[in-house]
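As structure tokens, the structure follows; a few thoughts come after it.
The values are calculated or read from the model by the stated rules, or taken from the named source; none is laboratory data. Bear in mind the structure is a predicted one, so any value in this text is a computation, not a measurement. Cβ coordinates were reconstructed from backbone atoms using ideal geometry, including for glycine residues, and neighbour counts include every protein chain displayed.
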């Protein structure tokens, strides 16, 4: 079974982005620029934002993090977003979630200009992606498409079963893979908690994308021979034998796929490392749109 | 086999709308109001707009048609839309398509305020519908949901196969039926021109929605016993024995469904008559949103 290596592919994607950014800057233009807004001091959010800054730095993008105190009001934040929406020097704008409870995440996200919404969170952007009319593909789905591409896993005419209908992963994945596009043209079945006789679908699937948040749910005996599994799950399962006290598990039982599947993503090291590349790809796209490049 | 009667259900939906509008007006409020813009003199468009006016009149909505000459410029039209977007007295706004060739339909449609976009054509509206966050359901999908509801055809846990991935019908249908909602919760497979072994899917389906524009494509022998067929196709097929010189055919071979299916929509008289009700339902919803009713 082929182990789909997200760390390796993420590195390759970043290397390509770095080369393209180099060419842009060498041609005398300014570099693409990503702005992140971080409200409060949430530990995980600090880490996420720091790693996005690191990505930007490695690729050669400009980046900045605007840190706002926990006490920031919604209207202050909306005002800041409007300013950055208008800014000539920022191409992509992200607001790190979660936000403090007194601020509506929906209002804030919706306020980001669709042209700069490189996280792909606004309704207008989601509508464009759904209709295949451009728009920024959200991070995790974008990462998955890049993995399939890198490992030359054909989607056209194949039966893809997506487990989980979240707006973050399952829903957009089901849409993207069934669109008339080079990374689409699959026949997609979207399964979820109300699906009856799930194995009927998984046993017929050429590709299964699993994003339900139940560790090791998908077993090899639920699949047909030669299937590919894309595992989006990542759950901490306590494990006293591990020095950290837990291990990370995916939604698929990786060991059980061996001998059945053609290829699968491990957890960690599969889809996870790819999600950060989507943001960078979208930032470059936003830049190109702005200057009518390509 | 139950013949799903769109004419009858459309009448019932309109009657309910009429009663609700009556109550609103009797409570001293103004009636909901739909504005249609018609550019040029396209014959079919004139007919469509006239029938929408008639629906409004029967229900008790206010309505107006703004007729613009064929020579209207894009910026004149955009200016008019902006004026109506701001208007306090219009709840729903539709621009009848097609537009003259010198005007971008995309630009015009996108200019309609999402709050008044009762056709459900803007990207933001499509994004909201896709994510299950409100938004106006486009006319044909809305009509189909109402038909399933009226005939108490359960979707929860059922396997729905949608044939055709258009942004007008197939795509939104596949999304709506798989959402966590009273008219959703189905396991949906979206099939299209690149699908291999189509009968594998149709033979397993509890409900088939067919919207591919190929007359009498879907036959009874491609279905399992007890299935329900929703036929969105409507094609003129020439027929010299008919005084009009043609007959209207659906995407399903209706006669062949008899003895196999539980229920099916005829063509004409099934989905067609329902499409106009969606616009009216959305107009009332736009009105209620505006005044925070319900």
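Taking residue B:88, is it free of Cβ contacts under 8 Å to residues at least 24 places away in the same chain, farther than 28 Å from residue B:29 by Cα and surrounded by fewer than 15 Cβ atoms within 10 Å (Cβ to Cβ)? So residue B:88 does not fit the description; no. For the stretch A:135-158, the set of residues classified as facing chain B (nearest Cβ under 10 Å) and buried (at least 24 other Cβ atoms within 10 Å of the Cβ) consists of A:155 only.
So that you can scan it fast, the table gives a plain yes or no per residue for (1) over 20 Å from residue B:164 (Cβ atoms); (2) surrounded by fewer than 18 Cβ atoms within 10 Å (Cβ to Cβ); (3) more than 16 Å from the chain's Cα centre (by Cα):
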position: B:215; (1), (2), (3): no, no, yes
position: B:232; (1), (2), (3): no, no, no
position: B:238; (1), (2), (3): yes, yes, yes
position: B:241; (1), (2), (3): yes, yes, yes
position: B:260; (1), (2), (3): yes, no, yes
position: B:268; (1), (2), (3): no, yes, no
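So, residue B:248, is that one surrounded by fewer than 19 Cβ atoms within 10 Å (Cβ to Cβ) and within 14 Å of chain A (Cβ to nearest Cβ) or not? It is false that residue B:248 is surrounded by fewer than 19 Cβ atoms within 10 Å (Cβ to Cβ) and within 14 Å of chain A (Cβ to nearest Cβ). Residue A:199 fulfils the conditions (1) part of a loop (DSSP other than H, G, I, E, B); (2) more than 19 Å from the chain's Cα centre (by Cα); (3) within 14 Å of another protein chain (Cβ to nearest Cβ) except for a single criterion, (1).
Considering the conditions (1) outside any helix (DSSP H, G or I); (2) within 12 Å of chain B (Cβ to nearest Cβ); (3) crowded, with 20+ Cβ neighbours inside 10 Å; (4) without any contact (Cβ under 8 Å) to a residue 60 or more places away in the chain, residue A:125 is excluded by exactly one of them, (1).
In this structure, residue B:193 does not qualify as farther than 24 Å from residue B:3 by Cβ, at pLDDT below 95 and assigned by TED's automatic domain parsing to the domain that holds residue B:143.
Can you tell me how many residues in the stretch B:204-226 are part of a loop (DSSP other than H, G, I, E, B) and away from every other protein chain (no Cβ under 12 Å)? Summing the residues that are part of a loop (DSSP other than H, G, I, E, B) and away from every other protein chain (no Cβ under 12 Å) in the stretch B:204-226 gives 12. For the stretch B:80-99, state whether one or more residues are within 28 Å of residue A:173 (Cα to Cα), away from chain A (no Cβ under 14 Å) and touching a helix residue (DSSP H, G or I) at 6+ places or on another chain (Cβ under 8 Å). Taking every residue of the stretch B:80-99 in turn, none turns out to be within 28 Å of residue A:173 (Cα to Cα), away from chain A (no Cβ under 14 Å) and touching a helix residue (DSSP H, G or I) at 6+ places or on another chain (Cβ under 8 Å).
With the condition kept exactly as written, say whether any residue in the stretch A:29-39 is more than 22 Å from residue A:121 (Cβ to Cβ), under 24 Å from the mean Cα position of the chain (by Cα) and not in a helix (DSSP H, G or I). Yes.
Condition (residue is outside the structural domain of residue B:208 (by TED's automatic domain parsing), part of a loop (DSSP other than H, G, I, E, B) and surrounded by fewer than 21 Cβ atoms within 10 Å (Cβ to Cβ)) applied to the stretch B:104-112: is it met by at least one residue? Within the stretch B:104-112 (the criterion being outside the structural domain of residue B:208 (by TED's automatic domain parsing), part of a loop (DSSP other than H, G, I, E, B) and surrounded by fewer than 21 Cβ atoms within 10 Å (Cβ to Cβ)), the answer is yes, since at least one residue qualifies. Any idea which of B:286, B:263 is modelled with pLDDT of 95 or more, in contact with a strand residue (DSSP E or B) (Cβ under 7 Å, 6 or more places away or on another chain) and not assigned by TED's automatic domain parsing to the domain that holds residue B:208? After applying the criteria, what remains is B:286.
Checking each residue in the stretch B:283-294 for being in contact (Cβ under 8 Å) with a residue 40 or more places away in the chain, surrounded by fewer than 19 Cβ atoms within 10 Å (Cβ to Cβ) and in a helix (DSSP H, G or I) picks out B:289, B:290. Checked against the criterion of being at the interface with chain B (Cβ under 7 Å from one of its Cβ atoms), closer than 27 Å to residue B:110 by Cβ, out of contact with any strand residue (DSSP E or B) (no Cβ under 9 Å at 6 or more places or on another chain) and surrounded by fewer than 24 Cβ atoms within 10 Å (Cβ to Cβ), the stretch A:161-174 has at least one qualifying residue. Annotation for the stretch A:272-282: no member residue is assigned to a helix (DSSP H, G or I) and more than 20 Å from the chain's Cα centre (by Cα).
Count of the stretch A:128-143 residues, restricted to those that are in contact (Cβ under 8 Å) with a residue 12 or more places away in the chain and part of a helix (DSSP H, G or I), is 8. Set side by side, the residues B:267, B:229 differ, and just one is without any contact (Cβ under 8 Å) to a residue 60 or more places away in the chain and not in a strand (DSSP E or B), which is B:267. Residues in the stretch A:202-213 that are out of contact with any helix residue (DSSP H, G or I) (no Cβ under 6 Å at 6 or more places or on another chain), surrounded by 15 or more Cβ atoms within 10 Å (Cβ to Cβ) and farther than 16 Å from residue A:226 by Cβ: A:210, A:212. Restricting attention to the stretch B:51-85, which residues are exposed (fewer than 12 other Cβ atoms within 10 Å of the Cβ) and in contact (Cβ under 8 Å) with a residue 40 or more places away in the chain? Result: B:51, single match. Take residue A:146 and tell me if it is within 28 Å of residue A:232 (Cα to Cα), in contact (Cβ under 8 Å) with a residue 60 or more places away in the chain, in a loop (DSSP other than H, G, I, E, B) and in contact with a helix residue (DSSP H, G or I) (Cβ under 8 Å, 6 or more places away or on another chain). Answer is no for this residue.
If you filter the stretch B:175-192 down to residues that are part of a helix (DSSP H, G or I) and more than 8 Å from chain A (Cβ to nearest Cβ), you find that the one that is surrounded by the most Cβ atoms within 10 Å (Cβ to Cβ) is B:177.
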